[in-house]
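These notes concern the structure reproduced below.
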Amino acid sequence: MAAAIAVKLKGFDVTVADPAHPPIDQACGEGLMPDSLDALRHLGVRFGDEQSFVFRGIRFIGEGGTVAAEFPREPGVAVRRTRLHQLLIERAEELGVKLLWRMPVKKLGDIRARWIIGADGANSQVRRWAGLDGARQSFRYGFRRHYAVSPWTDLMEIYWGPGCQMYVSPVSVDETCVALLTRDPTVRVEAALARFPELARRLAGAQSIGEERGRLTVTRRLRRVSRGNVVLIGDASGSVDAITGEGMSLAFRQALVLSTAITVGELERYERAHRRMRRRPAFMAQLMLLLDRFPRARPHVLRAFAAQPLIFERLLAVHAGA
């Protein structure tokens, strides 16, 4: 949807074909980093306070201590994935994008277009059809639940525990998203809460809203993201671990750059920008996953952050693109 809006703003005729039907939900932590909001403003997408929640920074919680820092420029926002998707749809419709729901595309030959954008996720068929697969990749598992509980903080919280992390992002004044990231495909949110007594206590008695959703969180780097008139965006074009919270931000910013590259007919411009945009989230993902891979070192790192909070503050500033 972001790609469609960005390209339409450049004056192109745009058609979106999607085999699903809105509202489309995903297993997503639902937090938007500050640079996401800047990109959304350029796309003309805004949302009100009544269906979102502003968070001013991030807090790490685990054995060894607790440390928090605020974003240096502007806060982030958490919003239900279905609500965000609906806002993007409304913006696309406002601009005149043609939306074909329940419309699967079987092969590239079915499409008659000057440019074809593969925005079909981590298991992208367009990527395979265009011969752009063959990436280096690794994966973990992500699960997500919503609870009818009011926020207890205006920070996004990441709880570090044995073999997994749980992160908490309130999405409204009376609803909170709780996500689990793990290398174990058998663990689910409710079971994992036993490893985090403080979080379990805060959620005690809270009603679960809707069904639990799960998916792979893939770290994938492609050699190229375009071939001929076919170009990839979002998770189809490569991804970083979900713990960074950068997935949607990358897609929104890629959409803006891609629209300019298509306008001037220079996909190499997008290739270069795509590599550049991925570097910072990939670097932060590597740093954060070190805490996951080396649990014995994690308490020492958290104690160091707690003793020298300026270090954590500067790392968050890098993470936020400042």
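Scan region 112-132 for residues that are under 16 Å from V14 (Cβ atoms) and surrounded by fewer than 16 Cβ atoms within 10 Å (Cβ to Cβ) and the total you get is 3.
Taking region 5-25 as the range and being over 22 Å from P151 (Cβ atoms), within 18 Å of the chain's Cα centre (by Cα) and either buried (at least 19 other Cβ atoms within 10 Å of the Cβ) or not aliphatic (A, V, I, L, M) (or both) as the test, only P23 passes.
A search for C-beta distances below 8 Å between a residue of region 147-158 that is hydroxyl-bearing (S, T, Y) and any residue that is surrounded by fewer than 18 Cβ atoms within 10 Å (Cβ to Cβ) and part of a loop (DSSP other than H, G, I, E, B), counting only pairs 6+ apart in sequence or on different chains, returns Y147/A206; S150/V173; S150/D174.
Looking across region 62-76, the residues that are of a type outside the set (F, W, Y) and in a loop (DSSP other than H, G, I, E, B) come down to E63, G64, P72, R73, E74, P75. State all residues of region 31-56 that are under 12 Å from A320 (Cα atoms) and part of a strand (DSSP E or B); if no residue qualifies, say none. Residue satisfying the conditions is L32 alone.
Remark: pairs (first residue in region 31-47, closer than 12 Å to T244 by Cβ; second residue of a type in the set (D, E) and not in a strand (DSSP E or B); Cβ separation under 8 Å; 6+ apart in sequence or on different chains) = M33/E246. G65 falls short on exactly one of the conditions (1) buried (at least 20 other Cβ atoms within 10 Å of the Cβ); (2) out of contact with any strand residue (DSSP E or B) (no Cβ under 6 Å at 6 or more places or on another chain), and that condition is (1). If you check V77, V105, V97 for being at pLDDT 95 or above and either hydrophobic (A, V, I, L, M, F, W, C) or within 19 Å of E175 (Cα to Cα) (or both), only one passes: V97. Screening the candidates D174, D184, D241 for the property of being under 27 Å from A320 (Cα atoms), surrounded by fewer than 22 Cβ atoms within 10 Å (Cβ to Cβ) and acidic (D, E) yields one hit, D174. Across region 106-119, not a single residue is classified as touching a Lys or Arg at 6+ places or on another chain (Cβ under 8 Å) and in a loop (DSSP other than H, G, I, E, B). Here L87 meets the list (1) among the aliphatic types (A, V, I, L, M); (2) under 18 Å from P23 (Cβ atoms); (3) in contact with an Asp or Glu (Cβ under 6 Å, 6 or more places away or on another chain) almost entirely, failing just condition (3). Could you pull out the residue among R201, R223 that is within 23 Å of the chain's Cα centre (by Cα), more than 23 Å from L32 (Cβ to Cβ) and surrounded by fewer than 15 Cβ atoms within 10 Å (Cβ to Cβ)? None of the other options fit; the residue is R223.
If the condition is being in contact with a His (Cβ under 9 Å, 6 or more places away or on another chain) and not in a loop (DSSP other than H, G, I, E, B), then region 233-245 contributes S237, T244. Of the strands (runs of 3 or more DSSP E) that lie entirely inside region 126-221, those containing 1 or more residues that are closer than 17 Å to F60 by Cα span 155-161, 164-172, 175-182.
What are the pairs, 6+ residues apart or on separate chains, where a residue within region 277-292 that is in contact (Cβ under 8 Å) with a residue 12 or more places away in the chain and more than 11 Å from T219 (Cβ to Cβ) has its Cβ under 6 Å from a residue that is basic (K, R) and surrounded by 19 or more Cβ atoms within 10 Å (Cβ to Cβ)? Filtered contacts from region 277-292: M277/R253; L291/R298. Can we say G142 is touching a strand residue (DSSP E or B) at 6+ places or on another chain (Cβ under 6 Å) and within 28 Å of R296 (Cα to Cα)? For G142, the condition - touching a strand residue (DSSP E or B) at 6+ places or on another chain (Cβ under 6 Å) and within 28 Å of R296 (Cα to Cα) - is met. Take R59 and tell me if it is under 23 Å from the mean Cα position of the chain (by Cα), part of a strand (DSSP E or B), surrounded by 15 or more Cβ atoms within 10 Å (Cβ to Cβ) and on the phi < 0 side of the Ramachandran plot. Yes; evaluated as a whole, the condition is true for this residue.
The values are calculated or read from the model by the stated rules, or taken from the named source; none is laboratory data. Given the structure is predicted, the values throughout are model-derived calculations rather than measurements. Cβ atoms come from the backbone with ideal geometry, glycine included; neighbour counts cover every protein chain shown.
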